[in-house]
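K.L.:
Below is a structure I'd like to ask you about.
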Amino acid sequence: MEGNDRKFRVFAKLEILIILLKKERMDLEKIETVEPFIINKNLGKHLDPEKTLTQTNAEGLPAVKLSQEEKYLFDIRGWILFEGVLAAGQVEEMRDFCYRLKYDTESIPEHHRSSIGGPLEQLIDHPLLLGFMNEFVAHPPLASQDCYGFRMDHSGLLFRKTGEGGFSPHNGNGILRFPGDSCVYRCIPGKVNAGMVRVAWELNPVEEGKGGTLFVTGSHKGVFTAPESLQSPDSPIWETYGCSEGSVLFFTEALTHSPTTWKSEKYDRVPVFNCYNTVNSKWHNWNPHPDHVAEMPTKRQTLFRPVHVAGNVIGGAYRD
Ligand SMILES: [Fe+2]
């Protein structure tokens, strides 16, 4: 009798365990498959971002969708590096243009004398960039197949020789910030708005620890004030990267990060630093040359449209 009771208890426990395991699997499946619930303007009506987000760039190239792993890594870390995105020929042409910008500006037509000029223009809506921005910055009601759901906020060439550049840590705690300073990081299950995002196209190799941008991984979700030890670039809390030429780095300005002195004896630093924001936010006092924008394909021009929401989508209906 006692033996039968024990057997029953074992079976009962096994059954509960199986039910729990099945439930856990169902919960996991839900997390993996259910679309995030994005609320639109119309009384909480659900919006399907796939219906509006721009699928091709101004040159007709399809947006590169981020994998589940890439989305996960960017979300938990606040920065992500894609190695070897540009072909060798592209890098060479772009790097040459950067050297002309630095040392021979007069050789470039005036309206192209910027880090979005000449061959650098194709970086501003590169297919990988479009895929990234669709996922982390675009506001779906302000996107269509003719119009990007995000805007370009700034561009600059951060050219550095050995010994140039300094340490200047800033930001962090993005998840706790109110809208207004652009350095926010907001999320719901399965969806993120990463606020203002910086994109660094490294046109020369970066040797790890020799002056690439420093990050405090995960600090965009931090709730405490940074410790005093972060005031040293040698703190082990800082993380950084090394990469080949033609790589691209994305990071949210909500993350604690810092430039640091360029120490490489082998290479100059030649990064184009571009910056993107939501359509209704502008952080930098920067605008591209109007004659250059006028030359761009119509879809690319939407990166520089006015900073407001109402009716600010071409080929779409922002209220739907
Ligand atoms: Fe910054």
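The values are calculated or read from the model by the stated rules, or taken from the named source; none is laboratory data. Computed from a prediction, not measured in an experiment: that's the story for all the values here. Methodologically, a virtual Cβ is constructed for each residue, glycine included, from the backbone with ideal geometry; neighbour enumeration extends over all protein chains shown. Remember, those area values only see protein heavy atoms, side chains included, never the ligands or the DNA or RNA. Shrake-Rupley method; radii C 1.70, N 1.55, O 1.52, S 1.80 Å.
K.L.:
Sorted by average packing, counted as other Cβ atoms within 10 angstrom per residue and highest first, what order do 41-52, 270-281 take? Write down the numbers at each step before the final one.
P.N.:
Numbers: 41-52: 12.8, 270-281: 21.8.
In descending order of packing, they fall as 270-281, 41-52.
K.L.:
I need the calculated FRET efficiency for the pair GLN145 and ILE39, taking r as the beta carbon distance and R₀ as 25 Å, to the nearest 0.05.
P.N.:
Details: r = 23 Å, r/R0 = 0.90.
Given R0 = 25 Å and the Cβ-Cβ separation, E is 0.65.
K.L.:
Which order do you get for VAL184, VAL64, VAL223 if you rank them by accessible area with a 1.4 Å probe, largest at the top?
P.N.:
On the way: VAL184 15, VAL64 65, VAL223 95 Å².
So, going from the largest accessible area down, we get VAL223, VAL64, VAL184.
K.L.:
What is the sum of charges, Lys and Arg at +1 and Asp and Glu at -1, for the other residues whose Cβ falls under 12 Å from the Cβ of GLN55?
P.N.:
Working: positive: LYS51, LYS65, LYS299; negative: GLU50, ASP146.
Around GLN55, the surrounding residues sum to +1.
K.L.:
Under 10 Å, Cα contacts only: if you run a Gaussian network model on the chain, which one of ASP146, ASP291, ASP181 comes out with the highest mean-square fluctuation?
P.N.:
In this elastic network of the chain, the residue with the biggest mean-square fluctuation among ASP146, ASP291, ASP181 is ASP291.
K.L.:
Would you grab the residues whose amide H sits under 5 Å from the one on GLY84? Only those 5+ places off in sequence or on another chain, please, with H modelled 1.01 Å from N.
P.N.:
Close amide H contacts, sequence-distant or interchain: SER244, SER247, VAL248.
K.L.:
³J(HN,Hα) across segment 260-277 via Karplus (A = 6.51, B = -1.76, C = 1.60, θ = phi - 60°), whole Hz, x for Gly/Pro?
P.N.:
Working through the residues one at a time gives 8, 4, 7, 10, 5, 8, 8, 10, 6, 8, 10, x, 8, 9, 9, 9, 10, 8 Hz.
K.L.:
Length gain on complete extension for the stretch GLN90 to SER168, per 0.36 nm per residue less the alpha carbon to alpha carbon distance? If you can, show how the numbers build up before the last one.
P.N.:
On the way: separation 78, 0.36 × 78 = 28.08 nm, distance 3.14 nm.
So the extension gain works out to 24.9 nm.
K.L.:
Would you mind calculating the relative contact order of segment 186-252 from Cα pairs under 8 angstrom and at least 6 residues apart, reporting the percent as a whole number? Present the calculation step by step, with values, prior to reporting the outcome.
P.N.:
Values: 77 pairs, mean separation 35.2, N = 67.
Answer for segment 186-252 is 53 percent.
K.L.:
Another question, then. Holding the Cα-Cα limit at 27 Å, pick out from LYS221/LYS266; LYS41/LYS282; LYS51/LYS191; LYS51/LYS299; LYS51/LYS221; LYS191/LYS299 the pairs that are longer than that. Display every interim value, and only then the final one.
P.N.:
Values: LYS221/LYS266 36 Å; LYS41/LYS282 21 Å; LYS51/LYS191 16 Å; LYS51/LYS299 17 Å; LYS51/LYS221 30 Å; LYS191/LYS299 25 Å.
Violating the 27 Å limit, Cα to Cα: LYS221/LYS266; LYS51/LYS221.
K.L.:
Once you keep just the Cα pairs under 8 angstrom separated by 6 or more residues, what percentage relative contact order results for the chain? Before the final figure, lay out each step's value.
P.N.:
Values: 613 pairs, mean separation 81.2, N = 320.
Reported relative contact order: 25 percent.
K.L.:
A follow-up question, please. Specify the inter-centroid distance of segment 107-171 and segment 250-320, based on alpha-carbon positions, in whole Å.
P.N.:
Between the Cα centres of segment 107-171 and segment 250-320 lies a distance of 5 Å.
K.L.:
List the residue ranges in the chain for DSSP H helices whose C-alpha atoms run 24 angstrom or more along the long axis and whose Kyte-Doolittle average is -1.0 or above.
P.N.:
Numbers: long enough: 2-33 (46 Å, -0.36).
Span-like helices, by this rule, are 2-33.
K.L.:
Please list, in order along segment 45-54, the HN-Hα scalar couplings obtained from phi with the Karplus expression 6.51 cos²θ - 1.76 cosθ + 1.60 (θ = phi - 60°), rounded to whole Hz, x for Gly and Pro.
P.N.:
5, 5, 10, 8, x, 5, 6, 10, 4, 5
K.L.:
Right, something else. Using the per-residue mean of other Cβ atoms lying within 10 Å as a proxy for protection, in what order, highest first, do the peptides 210-218, 87-95, 109-117 fall?
P.N.:
Values: 210-218: 20.4, 87-95: 15.3, 109-117: 18.1.
In descending order of packing, they fall as 210-218, 109-117, 87-95.
K.L.:
OK, next. Can you compute the modelled spin-label distance between PHE224 and ALA310, with each label point 7 Å from Cα toward Cβ, in nm?
P.N.:
4.6 nm
K.L.:
In addition: Under 14 Å from the Cβ of GLY209, count the other residues' Cβ atoms, weight Lys and Arg +1, Asp and Glu -1, and hand me the total.
P.N.:
Numbers: positive: LYS210, LYS263, LYS266, ARG269; negative: GLU207, GLU208, ASP234, GLU239, GLU265.
That sum, taken over residues with Cβ under 14 Å, equals -1.
K.L.:
With springs connecting C-alpha atoms under 10 Å apart, model the chain as a Gaussian network and identify which of GLY149, GLY222, GLY166 has the largest mean-square fluctuation.
P.N.:
GLY166
K.L.:
What ratio of Cα Rg to 2.2 N^0.38 Å holds for segment 36-304?
P.N.:
Details: Rg = 18.3 Å, N = 269, 2.2 N^0.38 = 18.4 Å.
Taking the Cα Rg and dividing by 2.2 N^0.38 Å, one obtains 0.99.
K.L.:
Treating the beta-carbon of each Lys and Arg as +1 and of each Asp and Glu as -1, no other charges, what is the dipole magnitude of the chain about its Cα centre, to the nearest 20 debye?
P.N.:
Values: 35 positive and 41 negative charges, 233 e Å.
In total the dipole reaches around 1120 debye.
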